[in-house]
1. Label A:E340 and A:A505 with points 7 Å out from Cα along Cα→Cβ: what is the distance between them in nm?
2. Could you calculate the FRET efficiency of A:Q369 with A:H331 from 1/(1 + (r/R0)^6), where r is the beta carbon distance between them and R0 is 41 Å, rounded to 0.05?
3. With the full set of protein chains in place, find how many percent of the accessible area of chain A is carbon and sulfur; take the probe as 1.4 Å.
4. Report, ordered by chain and residue number, the aspartates and glutamates lying within cross-link reach of A:K286, taken as a straight Cα distance under 18 Å and ignoring same-chain residues fewer than 8 apart.
5. In the stretch A:431-474, whose amide N lies under 18 Å from the spot 7 Å out along Cα-to-Cβ of A:A414? List them in ranges.
6. How far is the Cα center of the stretch A:89-160 from the Cα center of the stretch A:434-501, in Å?
7. Please report the equivalent ellipsoid semi-axes of the stretch A:353-506, computed as sqrt(5 x eigenvalue) of the Cα gyration tensor, largest first, in whole Å.
8. Where does helix A:489-502 land angle-wise versus the long Cα axis of chain A, in degrees 0 to 90, nearest 10?
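The values are calculated or read from the model by the stated rules, or taken from the named source; none is laboratory data. Note that the structure is a prediction, hence the values are computed from the model and not measured. FYI the Cβ positions are ideal-geometry reconstructions off the backbone, even for glycines, and counts take in every protein chain you see. All accessible areas refer to the heavy atoms of the entire protein, side chains included, with ligands and DNA or RNA removed. Shrake-Rupley method; radii C 1.70, N 1.55, O 1.52, S 1.80 Å.
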Amino acid sequence: MSKRVRVRFAPSPTGGLHLGGVRTVLYNYLFARQQGGDFILRIEDTDQSRFVPGAEEYIYDTLRWCGLEPDESPLLGGGFGPYRQSERKSSYRRYAEELVKMGHAYYAFDTPEELEAKRKEFPNFQYNHDARKHLRNSLTMDELSIQELLDAGTRHVIRIRMPENQEVGFDDMIRGEVSFNTSQVDDKVLLKADNMPTYHLAVVVDDHLMQISHVFRGEEWLPSAPVHVLLWQWLFGLDHMPTWAHLPLILKPDGHGKLSKRDGDRLGFPVFAMDWTDPNTGEKTKGFKERGFLPEAFVNMLALLGWNAGTEQEIFTLQELIDAFSLERVHKGGAKFNYEKALWFNHEWIRNLPLSRYEGQVSDLFVQQGLNPGDPHRLSRIIELVKDRCHLLTDFPQQAGFFFKAPATIDLAAVSPKWSAAKNQFFVELMSIYELATSWEAEPLELGFKELAAASQIKPGELLLPFRIMLVGGKFGPGVFDIAALLGRVETISRIKSLLQLLPAV
RNA sequence: GCCGCGUUGGUCAAUCGGUUUAAGACGCGUCCCUUUCACGGACGAAUGAGGGGUUCGAUUCCCCUACGCGGUACCA
């Protein structure tokens, strides 16, 4: 009885993929891998008016970046293709016709304009079992005129004929028993006038043809689930219907409602996985990738948004997620997205991942900022030194820029109020000592510094901050002597000298 | 409006009727460490929407109300 696990992610290629979409991918992927099943990517491009060039490629790129690659897709192919619904167009009509023959669907000749007018007249208008009695469809017209219209090629759609007052329920993996009364759901269009199926027909037909065993989708689909269940019942039999799981939504951090790309702009964090530029409007939306997130952290954070292992573990590798994941532990309620926590996840991953995983990207980031990363070995030491202070990959240039270029801005106010002739003298002497230092390492540099301080009768604490400002320009960064060691003799002395010149004479 | 799904601290959340003074994490506050900023450590503030039941006993089960969200397209 146990059939092979086959799950699918079925996005509509209309723009960038946002958090919620990627999380749906993730849960599909985790389940498939854990169960030794297949993860399929199917492109739901049945709405030709919403075609957006590049959106499909964006999906591939995003899945690749996240490391959530499908087993079958339009690109990869597979035994159940084509994987783009527009290319399966010809296969849908016969199912719709079959439903008409069974009496579960009907032709409707109302034009979109007519229906729009109706909705304007009656705000609560629904094309349901009641309304259909008064509209232009094959239920209200005689056989002959229907045939005439059809023969004449009159534009029409095929609608599902929802039964009256019937309870349709199913067992949701996350929510348990869910049921709806059919009188409350209207006669959804199954086949559009352009012969393309709507989502309702296409999911059912394709999930059947592709032998999908489990469907994980957003909670926004719950209200139309009875349509899908009925379609399964009539077309392929309830025994073959996939198991459903409706995922909770990801909500705005403030206010209310589903998280949308607009919230990102408004609140200053990414919502899409990667940067996306709408080719039609030119509108740019920022992505987590370009913002400086590691895919490991992004995936980890998403997994925990609505699911938890029931243990105290929060940092998970993909493999650990595959092993620990379970639908039973997915929350029912929606989760408000928390960017602060996302930053924390990224910070953890920056600190724990081997440098080799991301030093190339950090190097690129330096180049983008006009800094020359130079020797890779030195770069690694620098990254190692500052990574505790970086929540994002993009924080590195800010946190370590002074290693590659003398500070552009100098926090003079941090030193000048307490500046004195004695301190000035100290640094003049320090330069001579460093000039002659035989070993340019952090420890001996610190030792020389402190011995001189003692000899000058100044507390080292009074001198350390000025020294830091000289080298770094501000009150941040790793230990000063580590910095001096990596900066080298020439640069260190040069920076001491230039600050001394900026300070007021005393 | 109607239908559906939800509701534990500011946020993510554990608890699957009974050693719980209701975990843990993020964030926040205080302190320690650090003669910078972080990291780290210690401590702290902060939670079961309201009302009825069921039960010896409810955060846990049921009902009602409130609130939130979703849906209500020839979009997905």
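1. Label at A:E340, label at A:A505, 5.1 nm between them.
2. On the way: r = 41 Å, r/R0 = 0.99.
The formula returns an efficiency of 0.50 here.
3. Within chain A, the accessible surface is 51 percent carbon and sulfur.
4. Counting by Cα, and skipping residues close in sequence, A:K286 has these aspartates and glutamates nearby: A:E56, A:E57, A:D61, A:D263, A:D265, A:D275, A:D278, A:E340, A:D395.
5. A:460-474
6. Answer, in whole Å: 83.
7. Numbers: eigenvalues 169, 55, 33 Å².
Gyration-tensor ellipsoid for the stretch A:353-506: 29, 17, 13 Å.
8. With rounding to tens, the tilt is 80 degrees.
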